[in-house]
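The values are calculated or read from the model by the stated rules, or taken from the named source; none is laboratory data. What you see is a predicted model; the values in this text were computed from it and never measured. FYI the Cβ positions are ideal-geometry reconstructions off the backbone, even for glycines, and counts take in every protein chain you see. To get the accessible areas, we keep the full protein, side chains included, count just its heavy atoms, and leave off ligands, DNA and RNA. Shrake-Rupley method; radii C 1.70, N 1.55, O 1.52, S 1.80 Å.
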Amino acid sequence: MLTFLLLIAVTAVMGQKKSVVNLIRSQSIQGVKINGVDVLKVYGGTFQQDYSTLQSDSAYFHQSENTFDAFGHVIITQGDTLHIYSDKLNYNGNTKIAILTEHVRMVDKDATLTTNYLVYNTATRIGTYTGGGKLVNKDNILTSKNGYYFANSRDSYFRYDVLLLTPDAIIKTDTLRYNTGSRIAYFYGPTNIYGKKKGKDNDTLYTENGTYNTVTEQAFFGKKNLYKQGTKTLKGDSMFYDRKKGFGRAVKNITFNDNEQKMTLKGDLGVYYKADERTVVTENAYAIIVTEERDSTKNDSLAQKGALKTDSAKKSIKDTTKTTPGKTINSGIKPKEEVKTENKTKPPTKPIAVKDPGKMARDSISNKKRDKTDKKNKLQDTVVLKKDTVKIKRDSIYMTADTLETRILTFKDLKALLEKIRLANIRDTTKKAPSIVYKKAPKFIELSPPKWIPDTTYLRRDFFGKPKPKGVAPKKIENVAVKKMSHQDSLKNSKPDSVYLTRKIELSDTARIRILSAFRHAKIFKSDLQAKSDSIFYSTSDSTIRLYVKPIIWTQGSQLTGDTINLQMKNKKLDNMEQFPSAFIVNVEKDDSVHFNQVAGKKMRGFFKNDKLERMFVDGNAETIYFSRDSGKISGMQRSLSSRIRLNFKDNKVSNLTFLSKPEHRYGPVEKFTEDDKILKGFIWKPKERPVSKESIIPSLNKNANANNVKGKPPAKAKSPLKKSPDIKAGKDTSAARRGNLTMPIIKMGKDTGVLKPGNIIPPVIKTSKDSTLKQPPAKTPGVKTGKDSTVVKPVN
């Protein structure tokens with residue numbers, strides 16, 4: 001059987017005919033001998049082998065070797081679409097390889113390849129060049145050092161110094177595959193795509209693996225992707241971008257950065273719209289806003305200005321520094337009141353030698369001694385400018401939410417947007433309620449009883465002072481000229497109100513402003529300030545962070561709440577804060593989470609210094625509850641009422657409390673006050689919702705931390721701190737050790753207290769529930785009752 005198969009194979013090989021180059025047409029033929037070999041010299045000949053036709057003006061045909069050399073107007077034709085032109089050709093019929101040189105041009109339908117040296121295989125229909133070439137496909141032009149063209153699939157592979165020019169983009173890469181039929185480019189190395197638009201609208205793309213459709217201008221990237229437009233960048237593990245529609249989409253580990261506005265957005269899914277410059281980030285989205293502890297916008301021109309000084313001026317000022325070479329010396333700068341700062345030029349970065357005018361005048365005297373002394377004092381006359389080497393400490397504000405959206409608006413559109421937000425919270429009472437029309441007669445008509453609002457004015461009699469008796473004329477002041485002041489004069493003489501003082505923003509309507517919106521479960525973390533709310537709005541026009549829908553802020557051991565809270569920054573630092581309406585502050589002392597210092601009012605305005613809350617103004621029905629302490633123990637309680645209050649903060653405590661208008665005080669021992677008097681209306685205490693770290697609000701960072709713990713050794717099981725805690729009786733939550741060094745003690749109250757009304761809670765004994773931050777359930781401790789509902793409290797017998 002094996003012998004039979006071998007015989008068939010040999011017969012098949014012998015039966016195959018050898019492919020021979022045939023001369024099918026010529027103008028004249030002449031036989032010559034070259035190096036002892038018979039050669040046919042053909043003029044105007046046409047050769048054919050298989051499906052390839054080769055033509056030239058003249059050729060030397062080596063019939064025995066099945067090769068020929070052609071010169072002048074060489075043309076290779078395959079089918080109806082592929083044509084190759086050149087000046088010279090060396091063709092081997094045995095290998096079917098054609099070597100074309102000088103002015104080579106290969107035309108395949110709408111694609112034209114030009115080079116000076118091309119190796120083409122007529123059997124595989126593959127062309128190769130290594131000395132540089134250019135491919136033109138309709139509006140696309142592609143050049144490279146090396147190239148490979150596959151005529152069957154119409155694919156081209158280009159290597160080294162690849163440049164692709166399209167009507168709207170310039171592509172530079174190292175390795176590229178291009179299909180002349182679909183006009184799609186495939187990238188296999190570092191690739192840059194540059195737009196041809198001028199100005200800020202120009203954008204660039206970078207990738208190391210992806211595709212780009214030159215017809216639809218759609219790009220798909222899959223490795224180390226980067227999109228740039230002006231000062232904005234967008235990164236992602238995989239990215240899609242449609243240049244015509246201006247739409248981009250990034251997936252996994254995306255980062256949107258705006259260097260001009262110092263803002264960064266990160267997440268796992270992002271969408272970009274170029275028309276309105278809008279970016280929407282979801283899936284573990286968070287934003288980073290950079291702040292600085294040092295004001296870098298102000299430069300002291302006096303310390304950097306080297307002024308010319310005369311001898312008389314130097315004598316009037318005592319120079320306490322020694323003039324040693326290589327060190328900064330005092331050039332005799334005058335005090336701030338005497339120095340004129342008319343020339344506000346930028347300080348030079350290099351040391352500049354400044355000569356004394358008095359010595360410049362003495363240089364004209366031809367005296368050798370004077371020349372020697374001038375050389376000795378040359379070092380004393382130079383002023384070396386010292387660079388500002390103060391380090392700027394940067395702190396970042398981390399903001400997270402279910403959805404983050406940022407966009408660029410003009411100032412005119414921003415004002416319209418803010419007005420729309422303001423009107424959304426105002427109920428329109430001009431519209432009448434729609435009438436109820438019953439399609440079917442109801443059997444019963446339900447009527448809600450009228451709501452009775454109790455009158456509470458009797459609780460605060462003479463709140464605005466005792467009423468003036470009727471019919472009593474004001475007293476006249478003798479020998480005093482009383483002048484009635486107009487309304488404008490009274491406004492000029494009045495001091496600005498710190499509570500209602502706002503900075504006027506004067507921008508043109510066409511000014512470009514970036515806004516950031518956070519929707520659903522928004523949270524903020526900073527090293528010394530944390531916040532949460534349902535939604536957050538941030539604008540670079542006034543650098544204000546606006547928190548809406550049940551916002552809460554924790555800072556310096558205090559909890560601040562209100563219907564709306566505004567945080568304004570200035571020079572990349574926190575400047576002031578505004579709470580309205582129903583503003584409330586809860587402050588706790590160290591080692592005491594039962595007695596709460598409280599401040600309530602209609603509106604509050606706070607001011608920061610070095611990113612720390614320095615003072616707070618409370619306006620409108622301001623109420624306070626303050627517990628005084630003696631040697632760490634509660635000695636008394638004061639409940640006050642005033643129309644305006646000022647609070648000063650120092651070392652995370654309220655250092656001073658000032659009542660500015662008609663205060664009413666009640667002070668006494670704690671035992672004399674009822675439990676209702678110890679809590680103001682609207683009291684909220686939610687320590688468990690405070691973000692303790694940036695990992696706690698950013699899920700992606702929290703996952704990475706957990707993954708590192710899984711790879712390493714498992715953490716040791718910590719014992720419940722409630723078993724040995726001496727502060728359980730006072731109600732302190734010792735789980736703070738697990739959360740880090742907290743600046744505010746935490747009270748364990750289970751589901752949070754919510755809004756507590758007077759009479760609903762008595763603080764001494766509190767029912768607590770399981771704390772999710774602890775791995776083990778807390779042990780039972782005398783004096784604390786555990787249960788599911790922490791809002792139900794029983795008084796102590």
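Tell me which residues, restricted to segment 229-273, are more than 20 Å from ILE171 (Cβ to Cβ), in contact with a helix residue (DSSP H, G or I) (Cβ under 9 Å, 6 or more places away or on another chain), assigned to a strand (DSSP E or B) and not charged (D, E, K, R).
Those that are more than 20 Å from ILE171 (Cβ to Cβ), in contact with a helix residue (DSSP H, G or I) (Cβ under 9 Å, 6 or more places away or on another chain), assigned to a strand (DSSP E or B) and not charged (D, E, K, R): ASN253, GLY267.
Can you list residue pairs whose Cβ atoms sit under 9 Å apart, with the first residue in segment 267-293 being within 16 Å of MET399 (Cβ to Cβ) and the second being surrounded by fewer than 19 Cβ atoms within 10 Å (Cβ to Cβ) and aromatic (Phe, Trp, Tyr)? Count only pairs 6 or more apart in sequence or on different chains.
Listed by first residue and then by second, the contacts come to THR279/TYR273; VAL280/TYR273.
List the strands (runs of 3 or more DSSP E) inside segment 134-228, counting only whole elements, that have at least 2 residues being at positive phi and open to solvent by 10 Å² or more (accessible area, probe 1.4 Å).
On the way: elements: 140-144, 146-150, 155-165, 169-179, 184-187, 191-195, 203-207, 210-213, 218-221.
The qualifying strands (runs of 3 or more DSSP E) are 155-165.
Any idea which residue in segment 402-432 is farthest from SER700 (Cα to Cα), counting only those that are of a type in the set (S, T, N, Q) and open to solvent by less than 80 Å² (accessible area, probe 1.4 Å)? So that I can check it myself, show each step before the final result.
Taking segment 402-432 as the starting set, the residues that turn out to be of a type in the set (S, T, N, Q) are 403, 406, 410, 425, 429-430.
Now narrow it down to the ones that are open to solvent by less than 80 Å² (accessible area, probe 1.4 Å): 403, 406, 410.
Details: THR403: 15, THR406: 21, THR410: 34 Å.
My answer is THR410.
Limited to segment 117-133, what total is found for residues that are small (Gly, Ala, Ser), closer than 27 Å to ASN66 by Cα and surrounded by fewer than 23 Cβ atoms within 10 Å (Cβ to Cβ)? Outline the logic, then answer.
Keep residues of segment 117-133 that are small (Gly, Ala, Ser), which gives 123, 127, 131-133.
From the residues that got through so far, the ones that are closer than 27 Å to ASN66 by Cα too are 123, 127.
Checking which are surrounded by fewer than 23 Cβ atoms within 10 Å (Cβ to Cβ) leaves us with 123.
Residues flagged as small (Gly, Ala, Ser), closer than 27 Å to ASN66 by Cα and surrounded by fewer than 23 Cβ atoms within 10 Å (Cβ to Cβ) within segment 117-133 amount to 1.
Go through segment 393-421 and give me each residue that's assigned to a strand (DSSP E or B) and either small (Gly, Ala, Ser) or at positive phi (or both).
SER396
Kindly indicate whether any position in segment 431-446 is of a type in the set (Gly, Ala, Ser), at pLDDT 50 or above and within 30 Å of SER541 (Cα to Cα).
The initial filter retains those residues of segment 431-446 that are of a type in the set (Gly, Ala, Ser), namely 433, 435, 441.
Right, trim to at pLDDT 50 or above and you get 433, 435, 441.
With within 30 Å of SER541 (Cα to Cα) added as a condition, the list becomes none.
No; the residues of segment 431-446 include none that is of a type in the set (Gly, Ala, Ser), at pLDDT 50 or above and within 30 Å of SER541 (Cα to Cα).
Considering LYS262, LYS252, LYS266, which residue is in contact with a strand residue (DSSP E or B) (Cβ under 9 Å, 6 or more places away or on another chain), modelled with pLDDT under 90 and of a type in the set (Lys, Arg)? Let's see the steps before the verdict.
Numbers: LYS252 fails: modelled with pLDDT under 90; LYS266 fails: modelled with pLDDT under 90.
Among LYS262, LYS252, LYS266, only LYS262 is in contact with a strand residue (DSSP E or B) (Cβ under 9 Å, 6 or more places away or on another chain), modelled with pLDDT under 90 and of a type in the set (Lys, Arg).
Across segment 637-649, which residue is least open to solvent (accessible area, probe 1.4 Å) among those that are aliphatic (A, V, I, L, M) and either within 10 Å of GLU664 (Cα to Cα) or in contact with a helix residue (DSSP H, G or I) (Cβ under 7 Å, 6 or more places away or on another chain) (or both)?
Within segment 637-649, the first condition is being aliphatic (A, V, I, L, M), and the residues that meet it are 637, 641, 645, 647.
Right, trim to either within 10 Å of GLU664 (Cα to Cα) or in contact with a helix residue (DSSP H, G or I) (Cβ under 7 Å, 6 or more places away or on another chain) (or both) and you get 637, 641.
Working: MET637: 0, LEU641: 20 Å².
The selected residue is MET637.
Return the residue satisfying two criteria in turn: it lies in segment 583-636 and is of a type in the set (Asp, Glu) and under 18 Å from PHE649 (Cα atoms), and of such residues it is surrounded by the most Cβ atoms within 10 Å (Cβ to Cβ). Walk me through it before giving the result.
As a first pass, look at segment 583-636 and keep what is of a type in the set (Asp, Glu): 589, 591-592, 611, 614, 619, 623, 630.
Next, only the ones that are under 18 Å from PHE649 (Cα atoms) stay: 589, 611, 614, 619, 623.
On the way: GLU589: 17, ASP611: 20, GLU614: 15, ASP619: 22, GLU623: 19.
Taking the candidates together, the pick is ASP619.
Taking the condition of being on the phi > 0 side of the Ramachandran plot, within 22 Å of the chain's Cα centre (by Cα) and open to solvent by less than 20 Å² (accessible area, probe 1.4 Å), how many residues in segment 550-575 meet it?
Number of matching residues: 0.
Would you check if ASP402 is closer than 28 Å to ARG512 by Cα, at pLDDT below 90 and touching a strand residue (DSSP E or B) at 6+ places or on another chain (Cβ under 7 Å)? So that I can check it myself, show each step before the final result.
On the way: closer than 28 Å to ARG512 by Cα: yes; at pLDDT below 90: no; touching a strand residue (DSSP E or B) at 6+ places or on another chain (Cβ under 7 Å): yes.
It is false that ASP402 is closer than 28 Å to ARG512 by Cα, at pLDDT below 90 and touching a strand residue (DSSP E or B) at 6+ places or on another chain (Cβ under 7 Å).
Given the structure, is THR291 in contact with a strand residue (DSSP E or B) (Cβ under 8 Å, 6 or more places away or on another chain), closer than 30 Å to ILE524 by Cβ, part of a strand (DSSP E or B) and at pLDDT below 80?
Values: in contact with a strand residue (DSSP E or B) (Cβ under 8 Å, 6 or more places away or on another chain): yes; closer than 30 Å to ILE524 by Cβ: yes; part of a strand (DSSP E or B): yes; at pLDDT below 80: yes.
Yes, satisfied.
Yes or no: SER541 in a strand (DSSP E or B) and hydroxyl-bearing (Ser, Thr, Tyr)? Quick ask: steps written out before the conclusion?
Working: in a strand (DSSP E or B): no; hydroxyl-bearing (Ser, Thr, Tyr): yes.
Here the answer is no, as SER541 does not meet what is asked.
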